[in-house]
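Trainee: Sharing a structure, written as structure tokens. Questions coming.
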Amino acid sequence: MGDIKYMKRIFEINPWKVITHNFDPENKRLQESMTAIGNDYMGMRGNFEEGYSGDSLQGTYLAGVWFPDKTRVGWWKNGYPKYFGKTPNAPSFIGIGITINGEKLDLAKVKFDDFELSLDMHQGLLTRSFIYEGKDAKVKFEFKRFLHIVQKEAALIQVKATVLEGHAKIDFDSTLDGTVVNEDSNYDERFWLPLGEDEKARTIQVKTKENPYDVPQFTVLLKQSLRHNGEIVQGDVSTESAKLSEKLSVELAENESYELEKDVIVVTSRDVKDQDQADVANDLMKKLQSKSFDENLADHEAVWKKRWDKSDVVIAGDDAAQQGIRFNICQLFMTYYGEDERLNVGPKGFTGEKYGGATYWDTEAYIVPMYLCVTDPSVTRALLQYRHDQLPGAYHNAKEQGLPGALFPMVTFNGIECHNEWEITFEEIHRNADIPHAIAMYTDYTGDDSYVKNEGMDVLVGTARFWAARVHWSKWRNKYVMHGVTGPNEYENNVNNNWFTNTMARWLLKYTLERLPLATKEAQERVRVTDEEKAKWQDIVDNMYLPEDKERGIFLQQDDFLDKDIRPVSEIEDQRPINQHWSWDKILRSPFIKQADVLQGIYFLNDQYTKEEKEKNFDFYEPLTVHESSLSPCIHSILAAELGKQKKAVELYQRTARLDLDNYNNDTVDGLHITSMSGSWLTIVQGFAGMRYDHNQLKFNPFVPEGWDHYSFKINYRGRLIEVYVDHEGTKLTLLKGEDIDVLVHDKKVTLKEGETTNA
């Protein structure tokens, strides 16, 4: 593969584990990103419990807890977002400082051997072990930790020390620390104010500092309790501002071991009022401690098992591909499983600070198509609801631009745009059709039109009004045009007539017009679309300018694209990734494309283009694409598979499935690419298996990638659970539950009956 030189594989290949036996200080941050865990309430990077004095990115993050950081801008721009939203690094609760015979345990400094770090994806459990070699003792340390998927507020950590040689006095120091800072904050400013510490209850409480933007302050209370052999043990507690420490010591002779468990409860003002947090945390701790570590782990694992039963993808013959897809599914589910409709999926999830933990268009474009198939429809419905709830913010954003209607934000926590780059904020507006496009995907896939008929109509009409005002009539072209936009290819800013933006705006207007007469009476009365408006929208649909080059048979990414020095990426291999080698000016003038742009449109509206159109556009744009967005390879892989370019499809799959595991873009150190992780699932299901569902017809067009023996996956479709198994002989479909259904395989009709396997 052409990109091999960028790869950095620091974990072993294993179908169910992300595991390594090497400790490599140089790649410590990368290791921390890869072993991040979460439970869609909170999450953390794979930091060490005992602390580490070398280079590391300490990170704990709480879902929905954020801070509006003042935008520092050098000159006047009307409408510029006043703040940049970010998830503050939350108080750290994993700390268990360890001292052996007076020597502090710090893997940056002490001698140790037999290191192992492993994330078990089957149960979302992180384990680590090593043998400490001191002058008076050899001690084996084993750590386990998980964030409880049933009792979301709970984190459980266990450390076991076994003396292999000599004797050891071991001092444990279990801490809660609210004095954390964000790495990217201005001048080490602190986001958390201390509200008080309680030695007896073993709690600390902190609050985000005030802000001038009407964004609520968040209060967080953390509580810890220690257990040994299932019994509560109490050490010496001391506190200072926003910190708590509980110390205890044990003396161990050769072959003796000691196991310490640290239970933590984290509650936030999103769910519990400040004054009630201590009592609630107390009750939650009792509930947690009514069961042992192993019993809690079994409850946690049982839920994971249910999730995997619905969503696992099995690949035989390629363990690296198998590990890649499971890692991605596991990290996605640790980030978001639809249980709180106030939340969404941040591009880094809980694994780092980049992108500030906010919501992007990535959710609708990449997460929704997967979650439709592997989770209950209510999960995707919650994602749709999230945007509906934030419509007031979208109206505010459009107003900032001096336009009517609703403009969904590129980056948000509450519906109001909070990115601090103009190009992204007010030019990259294609998201205003991509986000509503999820309504169409949901409706087409589930067959449930109750959302589009009611709340969805508010979204469609709000965004349609924005688009109708954002285009303008060109007398010269006799067409509607759209100037000053940035398409998905962010390596071109402020262009005119980006084909994707124009196409998706036109689609939105057309879809809204089609759906409006079918809406509920209440919805129609709420949105009050006039005949004049409808006529205007129809006129735009009929007369929207979509740039193309008829000679080449391609849609033009934007008006002036062919002015560029068109040459393939293969000519600049030694300068990649270009975003780490070139000036911004050089990138903007180059023909190289960051991610799917025209091809993104062909992917979204797949049934509207001929095979020839798809092929010509793919052959022209793919060689120009550097895939420096994690969102890019999957779209190209799916289209390559559809066009029979199997080798290309597999190459791009490897890149999307193992983007983080192999650190392709050299940026996994600051967190995982969560929202692109669905891409590997989409590539297998929509790419290799050719799954489509337009026009109320489920269909497949499968092939087996070279080097694979077989693969299988399950999808949830309109109340049915269907298993798809593909090998070199053919395809087997099993209707595990639900009513009989006709599906197309390679365009031939196959009838599936419950409990039966059908060869197709």
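Computed from the coordinates by the stated procedures, all read-outs in this text should not be read as laboratory data. Given the structure is predicted, the values throughout are model-derived calculations rather than measurements. For neighbour counting, all protein chains shown are included, and Cβ atoms are generated from backbone atoms with ideal geometry for every residue, glycine included.
Trainee: Under 1.5 on a/c is rounded, so check that first for segment 147-232, then, if it is not, pick prolate when a/b is larger than b/c and oblate when it is not; a ≥ b ≥ c are the square roots of the alpha carbon gyration tensor eigenvalues.
Mentor: Prolate is the answer for segment 147-232, as a/c is 1.5 or above and a/b outweighs b/c.
Trainee: For the chain, what is the relative contact order in percent, using Cα pairs closer than 8 Å and at least 6 residues apart in sequence?
Mentor: So the answer I get is 12 percent.
Trainee: Once a ≥ b ≥ c are taken as the square roots of the eigenvalues of the Cα gyration tensor of segment 692-760, is the result rounded (a/c under 1.5), prolate (a/b larger than b/c) or oblate (a/b not larger than b/c)?
Mentor: Numbers: a/c = 1.84, a/b = 1.48, b/c = 1.25.
Prolate, since a/c reaches 1.5 and a/b exceeds b/c.
Trainee: Then there's this: Taking 0.36 nm per intervening residue step and subtracting the Cα-Cα distance, what contour gain separates Glu295 from Asp389 on full extension?
Mentor: Gain on stretching Glu295 to Asp389: 30.0 nm.
Trainee: If only Cα atoms are counted, what is the Rg of segment 35-284, and what is its Dmax, in Å?
Mentor: 19.6, 71
Trainee: Can I ask one more? Note the full-extension length gain between Lys749 and Thr520 as 0.36 nm times their separation in residues minus their Cα-Cα distance, in nm to one decimal.
Mentor: 78.9 nm
Trainee: Place a +1 charge on the Cβ of each Lys and Arg in the chain and a -1 charge on the Cβ of each Asp and Glu, then give the dipole magnitude about the Cα centre in debye, rounded to the nearest 20.
Mentor: Magnitude of the dipole: close to 1460 debye.
Trainee: Give the relative contact order (percent, whole number) for segment 376-428; include only Cα pairs under 8 Å separated by 6+ residues.
Mentor: Contact order relative to length: 25 percent.
Trainee: Something else: Of Arg387, Arg477, Arg29, Arg589, how do they rank once you tally other Cβ atoms within 10 Å and put the fewest first?
Mentor: Taking fewest neighbouring Cβ atoms as first place, the list is Arg477, Arg589, Arg29, Arg387.
Trainee: Hey, if you put +1 on the Cβ of every Lys and Arg and -1 on every Asp and Glu Cβ in segment 231-296, which of Ala242, Ser290, Ser257 ends up farthest toward the positive end of that dipole?
Mentor: Most positive-ward Cα: Ala242.
Trainee: Out of the trypsin sites (Lys or Arg not before Pro) in segment 79-158, which ones are loop residues according to DSSP with at most 12 other C-beta atoms within 10 Å?
Mentor: Listed in order of number, the matching sites are Lys109, Lys111, Lys135.
Trainee: Each label point is 7 Å from the Cα along the Cα-to-Cβ direction; what then is the distance between the points at Ala253 and Lys135, in nm?
Mentor: Taking the two extended label points, one gets 2.5 nm.
Trainee: A follow-up question, please. Can you tell me the FRET efficiency between Lys287 and Glu341 if r is taken as the Cβ-Cβ distance and R0 is 25 Å, rounded to the nearest 0.05?
Mentor: Calculated transfer efficiency: 0.55.
Trainee: For Lys611, give me every one of the aspartates and glutamates with a C-alpha distance below 19 angstrom, ignoring sequence neighbours fewer than eight places off in its own chain.
Mentor: Glu548, Asp549, Glu551, Asp597, Asp619, Glu622, Glu642, Asp694, Asp747
Trainee: Can you run the Rg to Rh ratio on segment 462-507? Use alpha carbon positions and the Kirkwood inverse-distance Rh.
Mentor: 0.97
Trainee: Here is a further query. Pairs Lys510/Lys647; Lys135/Lys291; Lys160/Lys287; Lys714/Lys748; Lys207/Lys262; Lys399/Lys616: which exceed 30 Å Cα-Cα?
Mentor: Correct reply: Lys510/Lys647; Lys135/Lys291; Lys399/Lys616.
Trainee: A follow-up question, please. If you stretched the chain out fully between Ile566 and Lys732, how much longer would it get, using 0.36 nm times the residue separation minus the C-alpha to C-alpha distance?
Mentor: Going from the current span to full extension adds 55.3 nm.
Trainee: In nanometres, what is the gap between the two model label sites at Lys550 and Leu721, each 7 Å from Cα along Cα-to-Cβ?
Mentor: With each label point 7 Å from Cα toward Cβ, the separation is 5.5 nm.
Trainee: Another question about this same structure. Would you please name the GluC sites (Glu not before Pro) within segment 505-578 that are DSSP coil residues with at most 15 other C-beta atoms within 10 Å of their C-beta?
Mentor: Within segment 505-578, the qualifying GluC sites (Glu not before Pro) (loop, at most 15 other Cβ atoms within 10 Å) are Glu551.
Trainee: Let me ask you something else. If you filter segment 657-760 for trypsin sites (Lys or Arg not before Pro), then keep DSSP loop positions with at most 14 other Cβ within 10 Å, what is left?
Mentor: When the trypsin sites (Lys or Arg not before Pro) of segment 657-760 are filtered for loop state and at most 14 Cβ neighbours within 10 Å, Lys753 remain.
Trainee: OK, next. Give the shape of segment 217-365 as rounded, prolate or oblate, defined through the alpha-carbon gyration tensor: a ≥ b ≥ c are the square roots of its eigenvalues, a/c under 1.5 means rounded, and otherwise the shape is prolate if a/b is larger than b/c and oblate if not.
Mentor: Oblate, since a/c reaches 1.5 and b/c is not below a/b.
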